[in-house]
Amino acid sequence: MKNKTYFITGISTDVGKTIISSIITEALEADYWKPIQAGDLDNCDTKKVEKLVSNTKSKFHPNAYALNTPMSPHASAEIDNIKIDLKKIKTPETTNHLVIEGAGGLLVPLNDTETILNIIKPSYHVIVVSRHYLGSINHTLLTVNLLKEKGFNVSIIFSGNEHKTTEDIIIKMTNVPVIGRITHEPYFDKNVIKEYAVKFKKAF
């Protein structure tokens, strides 16, 4: 299998990107990279994924920016008295598959003119994490349609318990592949991640 880069984005914050990044990293024994971490540096997403992945092949690449305050990256960077420069966000060199986890949604600002969308390269396969809540249909359609307009290869993973009417209309109106679903679990540990990884591996 040719090595690929997967960019994990969400329709909002707290929709399950880190759990899904862990599952795909485990399924492919891929490398993992979170370009921008804003806040929670002692228990950052990279550390969370590292704790959930069982294989010994995956490498965990350092953040391009590790910001101290849990806010939008542009605001968190301002508090740290820095400005995010896209030239400093360089994809790690690896001979392995690479899973990249974004921060929030596509249009989260990085500085005065650029957003998360600007760090997604044309060759990346973009996986949109969609979780049901009031307004999630609109957020999912906006996210997927923007990516399609930009020419990206896009898939969806649903996160949380099934909500059929929401998911059916999203599938009809986006017409992109659905990789699968992460249901609501009491907890996620290495064993749960591994079970999902085995199930999801076929989709890649």
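The accessible surface of the chain, taken with every protein chain in place and a 1.4 Å probe, is 51 percent carbon and sulfur. Maximal additional length on extending the His125-Asp42 stretch stands at 26.9 nm, based on 0.36 nm per residue less the C-alpha distance.
Of all segments of the chain bounded by GluC sites (Glu not before Pro) found in a DSSP loop with no more than 12 other C-beta atoms within 10 Å, the longest spans 1-92. Summing +1 for each Lys or Arg and -1 for each Asp or Glu among the other residues whose beta-carbon sits under 13 angstrom from that of Thr13 gives -2. Here the ratio of the Cα radius of gyration of segment 90-204 to 2.2 N^0.38 Å is 1.14. With 5 Å bins beginning at zero, the pair-distance distribution over Cα atoms of segment 1-83 amounts to 3, 14, 23, 24, 18, 10, 5, 2, 0 %.
How big is the gap, in Å, between the Cα center of segment 1-61 and the Cα center of segment 64-87? Centre-to-centre (Cα) distance: 20 Å.
Using every pair of separate Cα atoms, the Kirkwood estimate puts the hydrodynamic radius of segment 111-171 at 12.6 angstrom. Direction-averaged projected area, Cα convex hull, the chain: 11.2 nm², rounded to one decimal. Neighbours of Phe204 by Cβ distance under 13 Å: Lys/Arg scored +1, Asp/Glu scored -1, total +3.
With kT/(6 pi eta Rh) evaluated at 37 °C and eta = 0.692 mPa s, and Rh the Kirkwood radius from Cα pairs, segment 150-197 diffuses with a coefficient of 264 µm²/s according to Stokes-Einstein. Calculated from DSSP H runs of 4 or more alone, at -39500 (n - 2.57) each and per residue, what is the 222 nm mean residue ellipticity of the chain, nearest 500? The per-residue figure over the chain is -9500 deg cm²/dmol. For segment 106-191, applying the loop criterion from DSSP together with a ceiling of 14 other beta carbons within 10 Å to the trypsin sites (Lys or Arg not before Pro) yields Lys150.
With 0.36 nm allotted per residue and the present C-alpha distance subtracted, the Asn145-Lys202 stretch has 18.0 nm of extension available. Neighbours of Lys87, meaning other residues whose beta-carbon lies under 15 angstrom from its beta-carbon, give a summed charge of +2 when Lys and Arg score +1 and Asp and Glu score -1.
By DSSP, the beta bridges lying fully in the chain are antiparallel in about 5 percent of cases. Label separation (Lys164 vs Tyr187): 3.3 nm, computed from points 7 Å beyond Cα along the C-beta direction.
Solvent-accessible surface of the chain, taken per residue with a 1.4 Å probe and all protein chains present: 52 Å².
Of all aspartates and glutamates in the structure, the ones whose alpha carbon falls short of 12 Å from that of Lys190, not counting any fewer than 8 places away in one chain, are Glu26, Glu50. Of the trypsin sites (Lys or Arg not before Pro) found in segment 1-84, the ones in coil according to DSSP and having at most 16 other Cβ atoms within 10 Å of their Cβ are Lys2, Lys4, Lys57, Lys59, Lys83. When both segment 139-203 and segment 118-132 are represented by their alpha-carbon centers, they are found 11 Å apart.
The values are calculated or read from the model by the stated rules, or taken from the named source; none is laboratory data. These numbers were taken from a predicted model, which means no experiment stands behind them. Cβ atoms come from the backbone with ideal geometry, glycine included; neighbour counts cover every protein chain shown. Protein only, heavy atoms only, side chains kept; ligands, DNA and RNA dropped before computing areas. Shrake-Rupley method; radii C 1.70, N 1.55, O 1.52, S 1.80 Å.
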